[in-house]
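Here is the structure we will look at, set down as structure tokens.
The values are calculated or read from the model by the stated rules, or taken from the named source; none is laboratory data. From a predicted model like this one, the values you see are computed outputs, not experimental measurements. Heads up, the Cβs are rebuilt from the backbone with ideal geometry, glycines too, and the neighbour counts pull from every protein chain shown. Only protein heavy atoms, including side chains, enter the accessible area calculation; ligands, DNA and RNA are left aside. Shrake-Rupley method; radii C 1.70, N 1.55, O 1.52, S 1.80 Å.
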Amino acid sequence: DGLMNYGASAFPKLAAGQRLYAINSALKADTSRLSALAQANGGRLIQVVPQTPGSAANALLTEGAHITNLSAIGATDLQISVDDAQQNIIRIAGRLVSPSAQLRLSLQQNGKTQNLTLPITSNAATHPLAAYLWASYRLHALEANYELQRAEIGRIGQRFSIPTRETSLIVLDRLEDYVRYDITPPPSYQASFEKLKSERGIAVRQKRTQHLERIMREFQEKILWWEKTYPKGATPQIHMEAKAERQIAVGAMERAERQREQRPAPAMAQAAPMLDAVAPSAKLKKADASTPSIGIALKKWTADAPYIARMQAATSDTLYAIYLDEKPGYTNSSAFFLDAADMLLEKNQRDLALRVLSNLAEMELENRQVLRILGYRLLQAGAPELAIPVFLKVQQLAAEEPQSFRDLGLAYAQAKQYQQAVNQLNQVMLRPWDDRFAEIELIALAELNAIIANAPTALDTSRVDPRLLKNMPLDLRAVLTWDADNSDMDLWVTDPNGEKCYYGHRFTYQGGRMSRDFTGGYGPEEFSLRYAKPGKYKIEVNFFGSRQQAVAGATTLQVKLTTGFGTAQAKDQSVTLRLKDRSETVFVGEFEVKP
């Protein structure tokens, strides 16, 4: 079907003399790519219509003329169109670079080759669509390897006003529109265009500088938290009472803010931890304690769909057959493919699980939410080489969302491509984002510094602001992400003191830290604890609500639990689950810290 959406394998190079015919009957197919690949290799695309299969057979049995060699003197940028080769019409377009030119070509048909020389002069008849035809032929040829030639496709589409995968038809009402989309205006507006473009460039640079300075201030605040020592004894009653009063006040404010349609980012002022009243003698230094032994226990999450019981009862030999039997009833259900892949992974049938997951790549090709779920699940399955192309596609679809760069960076890291990982994560720091993406820069910074500190070889950090280079290892780390935009999920962590760390109480008595509240979609939300007090830490997720215009099914969540984060001994475990109802809370798992 020409849909290259799973893996990064390049199209195989054909041997000399080999010809390619693409035969397609699917309604969902990349026919532009199929046609370009076939024509580049001496063949053609044949569409099979069920009502008239004879026409497809006739096309295979009838060879149209095709050009095997083409060159020119006095002309360049030659392009060929063989769309009407069956009617013995071949079109050639190019650019004249001298008053006269000469085309030389070899034409082959029915095993016979004919060499032709065609003179062309600048006095020949002209046509206003000649340049447009050349551009359309060139774009068609580029479609054969779209992923590597996106920039040229975009330039040609923009220059000749042709809609492509990289360009769209837009209405340019004002000079600001030309500047915004970087489209050359009519000559009469050129001077004003250059002036406004320069002014916009200065404004963008100023905004990026302010963005970086804000990150630097927040990063310094996080360093102060990380360097501070915290008490590990029992929580004093006075602290618990103050905490309860503050939770009531903060909770009321949060509820009021969350009811607004457009809620501003939570203020940093609510984050001040009430720890200064604790006597220094009550604080434990890390040097006084041995390194704890920490385990992770995840609660096995299961769906309640009708097919679940049948598939759970299946043996390793029959599970895939049952999946195929159920599949026709769930072809548009991402949850079905996720559940089936999970069960196959549990039965050590990884290859089949990856095959099942490939269905997500074709369900909704432009749906970044479905593709993100697919990428996360491929990482969980230990297949980062498959996840990377998926996240690259997401980045193309949603370059305005910082999660697109963070997800790709983490996929590169899992694939041990550490330099690419650092480069992608650094993009989260360099670009100003919408205010609804609260504190994602600090979360990506923690991951960037952990990668740099533990990479087997030195990495190039010249693009990273040196003020942001500081690794901060943690005993415990939990990160929540989800797939639904305009939805509010909350990460809750309850420590051995019974103290819950969440958006309304971001700092705990023993030093736990919750990142700022993500209320506009995707996450991440991050819980961090440098030195963990022995005991159990309960991890929960709460579905606070959604402002989506339409919610299709459940929201898919991913929680990643890490021990020894930022060290060479780091261990990760991830769990994926789905929530349907507002105010629904689920237990995800727990850390158990032993002395």
Next on the checklist: I need the phi-derived Karplus couplings for segment 394-410: 6.51 cos²θ - 1.76 cosθ + 1.60, θ = phi - 60°, integer Hz, Gly and Pro marked x.
Outcome noted: 4, 5, 5, 6, 9, 5, 8, 10, x, 4, 5, 7, 5, 4, 5, x, 5
Checklist outcome for this item: Computed over the Cα atoms of segment 462-595, the Rg and Dmax in Å are 15.6, 49
Checklist entry - Under a point-charge model restricted to the Cβ atoms of Lys and Arg (+1) and Asp and Glu (-1), what is the dipole moment magnitude of segment 165-218 relative to its Cα centre, in debye to the nearest 20? => result 240
Item to check | 5 angstrom amide H check on residue 41, placed H, neighbours 5+ away | outcome: 20
Next on the checklist: 5 Å is the cut-off here: which amide hydrogens, built 1.01 Å from N in the peptide plane, fall below it relative to residue 23, excluding neighbours closer than 5 in sequence?
Outcome noted: 46
Item to check | Rounded accessible area per residue of segment 152-214, 1.4 Å, Å² | outcome: 74
Checklist entry - Just going by the charge dipole of segment 88-199, with Lys and Arg at +1 and Asp and Glu at -1 on Cβ, which of 140, 102, 179 is farthest out on the positive end? => result 102
Next on the checklist: Relative contact order of the chain, please, whole-number percent, based on alpha carbon pairs below 8 angstrom and at least 6 residues apart.
Outcome noted: 11
Item to check | Label-point separation, residue 570 to residue 197 (7 Å along Cα→Cβ), nm | outcome: 4.2
Checklist entry - What dipole magnitude, in Debye to the nearest 20, does the chain give about its Cα centre under +1 on Lys/Arg Cβ and -1 on Asp/Glu Cβ? => result 1020
Checklist outcome for this item: If the chain between residue 314 and residue 536 were fully extended at 0.36 nm per residue, the gain over the current Cα-Cα distance would be 76.4 nm
Checklist outcome for this item: Counting sequence-distant residues (5 or more places) and residues on other chains, those with an amide H built under 5 Å from that of residue 484 are 522, 556
Checklist outcome for this item: Cα gyration tensor of the chain diagonalised, 5x eigenvalues square-rooted, in angstrom largest first, produces semi-axes 55, 31, 21
Checklist outcome for this item: Taking r as the C-beta separation of residue 462 and residue 385 and R0 as 22 Å, the FRET efficiency to the nearest 0.05 is 0.20
Checklist entry - Taking a probe of 1.4 Å, how large is the accessible area per residue of segment 484-548, in Å²? => result 20
Checklist outcome for this item: HN-Hα couplings for segment 320-327 via Karplus (6.51, -1.76, 1.60; θ = phi - 60°), in whole Hz with x for Gly/Pro, come out as 5, 5, 5, 4, 5, 5, 7, 3
Next on the checklist: So if each residue of separation counts as 0.36 nm, and I subtract the Cα-Cα distance between residue 400 and residue 8, what length gain in nm does that give?
Outcome noted: 138.7 nm
Checklist outcome for this item: With x for Gly and Pro, the residue-by-residue ³J(HN,Hα) of segment 561-577, computed from phi through the Karplus equation 6.51 cos²θ - 1.76 cosθ + 1.60 at θ = phi - 60° and given in whole Hz, is 9, 9, 10, x, 4, x, 10, 5, 9, 4, 10, 10, 9, 10, 9, 10, 8
Checklist entry - Which distance in Å, rounded to a whole number, links the C-alpha centroids of segment 161-197 and segment 433-449? => result 32
Item to check | Relative contact order [Cα under 8 Å, 6+ residues apart], segment 53-107, whole percent | outcome: 43
Item to check | Carbon and sulfur %, accessible surface of the chain computed with the full protein complex present, 1.4 Å | outcome: 52
Checklist entry - Between residue 180 and residue 321, what length in nm is gained on full extension when 0.36 nm per residue of separation is reduced by their alpha carbon distance? => result 45.5 nm
Checklist entry - So which of 500/560; 393/470; 222/560 end up more than 27 Å apart, counting from Cα to Cα? => result 393/470
Next on the checklist: Can you tell me, using C-alpha contacts under 8 Å and at least 6 residues apart, the relative contact order of segment 42-146 as a whole percent?
Outcome noted: 23
Checklist outcome for this item: Projected onto the charge dipole of the chain (unit charges on the beta-carbon of Lys, Arg, Asp and Glu, signs +1, +1, -1, -1), the Cα from 189, 122, 429 with the largest positive-side position is that of 429
Next on the checklist: As an exercise, use a Förster radius of 30 Å and the Cβ-Cβ distance of residue 592 and residue 350 to find the FRET efficiency, rounded to the nearest 0.05.
Outcome noted: 0.60
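Taking all pairs of distinct Cα atoms, average 1/r, flip it, and tell me the Kirkwood hydrodynamic radius of segment 326-421 in Å to one decimal place.
13.6
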Item to check | Charge dipole magnitude, Cβ of K and R +1, D and E -1 - segment 81-223, Cα centre, debye nearest 20 | outcome: 320
Checklist entry - With labels modelled as points extended 7 Å from the Cα through the Cβ direction, what inter-label distance (nm, one decimal) is found for residue 110 paired with residue 136? => result 3.1
